[in-house]
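The values are calculated or read from the model by the stated rules, or taken from the named source; none is laboratory data. Being a predicted model, the structure only gives us computed values, none of them experimental. Using ideal geometry, Cβ is built from the backbone for each residue, glycine included, and neighbour counts are taken over all protein chains shown.
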Amino acid sequence: MTGNTNTTTNFRNLILHGDNVALMQAMPHGSVDFILTDPPYLVNYRGRDGRTVRNDDSTAWLHPAFNQTHRVLKGGSFAVSFYAWNRIDLFMAAWKMAGFRPVGHIIFRKSYASSAHFVRYTHEAAYLLVKGDAKLPRQPIPDVIDMPYSGNRMHPTQKPVAALLPLVHAFCPAGGLVLDPFCGSGSSLVAAQHLGRDWLGMELDKTHAATASRRLAYWGERQAA
């Protein structure tokens, strides 16, 4: 089931429209198996087409949101969060204060430059975080993953599903629940759905929440056919 609502009892296979802090506060402690998220980068982003990202000009959400992600994540489980390299001090402080421990760094290599200043920006980056102690994976994934161009048709910073599939496969157990509290157009959730994991998305922007709902419903119908 996919829907836009602010209340649910099972917190599985839903897109929730609203403030993710309030939504996560309604969730049970330790109810999520893996968190995969691409939050606002705190850089006041504006794309070439003029589109912006909600809350990208404010840090007020940063600590409350990651405090809640840590609370709802199961002990010994992983989170992957994208971030902006020039705001790493803010993100790292929020992750550590929430209780996360950084255990890996992943580079997503692009075949194009998203912008150019002192250097050409041809990659995205994310940290692998853990809550408590976690077992080492039997087959660790590489820390460099190719990221094809998504086209950004559904969201101004849309991530391609192909680059997220290895993360879900490696860090979410079969039958587990993937949470993205900043789900945008739902790429992380589509990756979870493709691999047979349950998923839960939260999105503040009503238009993006609706896009993610339609996208997950579409892929769910294709898998069921």
(request) Check whether at least one residue in the range 145-153 is of a type in the set (Phe, Trp, Tyr) and exposed (fewer than 15 other Cβ atoms within 10 Å of the Cβ), and report yes or no. (result) yes
(request) Determine, yes or no, whether residue 52 is modelled with pLDDT of 95 or more and either at negative phi or among the aliphatic types (A, V, I, L, M) (or both). (result) no
(request) May I ask you to verify whether residue 104 is under 30 Å from residue 19 (Cα atoms), touching a Lys or Arg at 6+ places or on another chain (Cβ under 8 Å) and surrounded by fewer than 20 Cβ atoms within 10 Å (Cβ to Cβ)? (result) no
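Filter the range 12-58 for residues that are assigned to a strand (DSSP E or B) and hydrophobic (A, V, I, L, M, F, W, C) and give the result.
Taking the range 12-58 and keeping what is assigned to a strand (DSSP E or B), we get 14-17, 32-37, 46, 52.
14, 15, 16, 32, 34, 35, 36, listed by residue number.
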(request) May I ask you to verify whether residue 81 is closer than 21 Å to residue 57 by Cβ and of a type in the set (S, T, N, Q)? (result) yes
(request) Would you check which residues across the range 107-121 are among the aromatic types (Phe, Trp, Tyr), in a loop (DSSP other than H, G, I, E, B) and at pLDDT 90 or above and list them? (result) 118
(request) Would you be able to say whether some residue in the range 64-81 is assigned to a loop (DSSP other than H, G, I, E, B), in contact (Cβ under 8 Å) with a residue 40 or more places away in the chain and over 27 Å from residue 136 (Cβ atoms)? (result) no
(message) Only one of 20, 13 is farther than 21 Å from residue 127 by Cα and crowded, with 20+ Cβ neighbours inside 10 Å. Can you tell me which?
(response) 13
(message) When you check residue 69 against the structure, is it of a type in the set (S, T, N, Q) and modelled with pLDDT under 95, yes or no?
(response) no
(request) Out of the residues in the range 127-144 that are of a type in the set (A, V, I, L, M) and closer than 25 Å to residue 89 by Cα, state the one that is surrounded by the fewest Cβ atoms within 10 Å (Cβ to Cβ). (result) 144
(request) Being free of Cβ contacts under 8 Å to residues at least 24 places away in the same chain and of a type in the set (Phe, Trp, Tyr) is the filter here, so list the residues in the range 113-139 that pass it. (result) 118, 121
(request) Check 210, 191, 174, 163 and return the single one that is aliphatic (A, V, I, L, M), surrounded by fewer than 17 Cβ atoms within 10 Å (Cβ to Cβ) and touching a residue at least 24 places away in the same chain (Cβ under 8 Å). (result) 210
